[in-house]
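Down below is the structure, laid out as structure tokens.
The values are calculated or read from the model by the stated rules, or taken from the named source; none is laboratory data. Just so you know, these numbers come straight off a predicted model, no measurement behind them. Here Cβ is always computed from backbone atoms with ideal geometry, including for glycine, and neighbour counts include all displayed protein chains.
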Amino acid sequence: MRKPLIAGNWKLHKTIREAVELAGELKRDLAGFTGADLLVCPPFIDLVPVAEELSGSSIALGAQDLFWEDSGAFTGAVSGPMLKEAGCSYVIVGHSERRAYFGDTDDVVNKKLNAAISSALTPILCVGESLEKREQKVTKEFLRKQLGADIRGIGAELISRIVVAYEPIWAIGTGRTASPQMAGETHHFIRELFAEHYDASIAANLRILYGGSVKPDNARVLIAEEDIDGFLIGGASLKADSFVKIARYSIM
Ligand code: PGA
């Protein structure tokens with residue numbers, strides 16, 4: 001049985017004060033919530049104060065990125081051991097915004113995945129096609145290539161520690177969600193890819209989140225799809241009310 005994971009990606013939003021306030025609201029509103037694992041991923045600078053605010057709650061903390069080296073002359077970078085000590089248990093890797101604006105190639109994503117795993121952080125590996133690829137009907141070929149490159153060289157015993165997020169780029173922040181059927185089919189295809197690369201049991205246990213304009217009013221129909229195991233939520237995670245609603249609808 002795969003327990004749903006409901007994750008908020010706060011992106012470049014929330015000053016320390018705002019982040020602590022939102023974390024406090026989530027802690028209060030989701031106290032005693034047990035049906036799904038809960039996670040928030042604030043900006044780096046908010047991590048420590050949010051960890052303090054969330055202490056005593058079951059909401060986990062994650063970062064939005066990491067660098068692949070543990071330490072050294074890498075100005076501006078933050079490493080896995082640093083995130084771990086700050087209270088993180090998860091880290092997003094390969095988000096399409098990192099790939100588009102910060103030059104994260106599949107090679108970089110692969111290094112970051114390895115770094116996350118060796119720091120005992122659970123990576124949330126984001127994959128997804130552009131509108132162009134979807135319209136050209138080459139989504140599957142694209143995902144096969146992207147995923148294959150991202151997980152290259154990672155053995156079966158380590159791959160079971162990752163979470164995948166399928167985020168079609170054309171659905172992120174656009175208000176355009178993949179239909180439940182389209183998302184469900186693509187999730188199923190991703191699961192099959194893991195069965196091909198590894199084995200049926202790794203594929204069956206892999207949590208695959210959907211991301212891209214998830215809102216309280218589409219969460220229920222999306223989570224009803226057999227291969228959708230939770231959400232990576234951007235815009236709707238920035239307000240306690242909508243994040244809490246999505247979490248509650250995901251276990252109904
Ligand atoms: P969105 O972002 O929910 O605002 O579309 C999702 C994401 O990029 O993780």
Every residue from the range 80-105 that is buried (at least 18 other Cβ atoms within 10 Å of the Cβ) and either charged (D, E, K, R) or not in a loop (DSSP other than H, G, I, E, B) (or both) | Gly80, Met82, Leu83, Tyr90, Val91, Ile92, Val93, Ser96, Glu97, Arg98, Arg99, Asp104
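Filter the range 129-170 down to the residues that are touching a strand residue (DSSP E or B) at 6+ places or on another chain (Cβ under 8 Å) and not β-branched (Val, Ile, Thr), then identify the one that is surrounded by the fewest Cβ atoms within 10 Å (Cβ to Cβ).
In this case the residue turns out to be Arg161.
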Could you list, in sequence order, all residues of the range 39-52 that are more than 22 Å from Leu209 (Cα to Cα), of a type outside the set (Val, Ile, Thr) and either out of contact with any helix residue (DSSP H, G or I) (no Cβ under 8 Å at 6 or more places or on another chain) or surrounded by fewer than 20 Cβ atoms within 10 Å (Cβ to Cβ) (or both)?
-> Phe44, Pro49, Ala51, Glu52
Identify the single condition in (1) more than 16 Å from the ligand (Cβ to nearest atom); (2) free of Cβ contacts under 8 Å to residues at least 12 places away in the same chain that Ile162 does not satisfy, given that it satisfies every other one.
-> (2)
Filtering the range 208-252 down to residues that are surrounded by fewer than 21 Cβ atoms within 10 Å (Cβ to Cβ), in contact with a Pro (Cβ under 8 Å, 6 or more places away or on another chain) and farther than 19 Å from Met182 by Cβ yields Ala236, Ser242, Lys245, Tyr249, Ile251
Out of the range 80-101, which residues are within 12 Å of the ligand (Cβ to nearest atom), in contact with an Asp or Glu (Cβ under 7 Å, 6 or more places away or on another chain) and more than 14 Å from Ala7 (Cβ to Cβ)?
-> Gly94, Ser96, Arg98
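Do the conditions hold for Ile172, that is, is it modelled with pLDDT under 95 and away from the ligand (no atom under 16 Å from the Cβ)? So that I can check it myself, show each step before the final result.
Numbers: modelled with pLDDT under 95: yes; away from the ligand (no atom under 16 Å from the Cβ): no.
No.
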Do we have Asp217 as within 16 Å of the chain's Cα centre (by Cα) and either more than 16 Å from the ligand (Cβ to nearest atom) or farther than 18 Å from Ile124 by Cβ (or both) here?
-> no
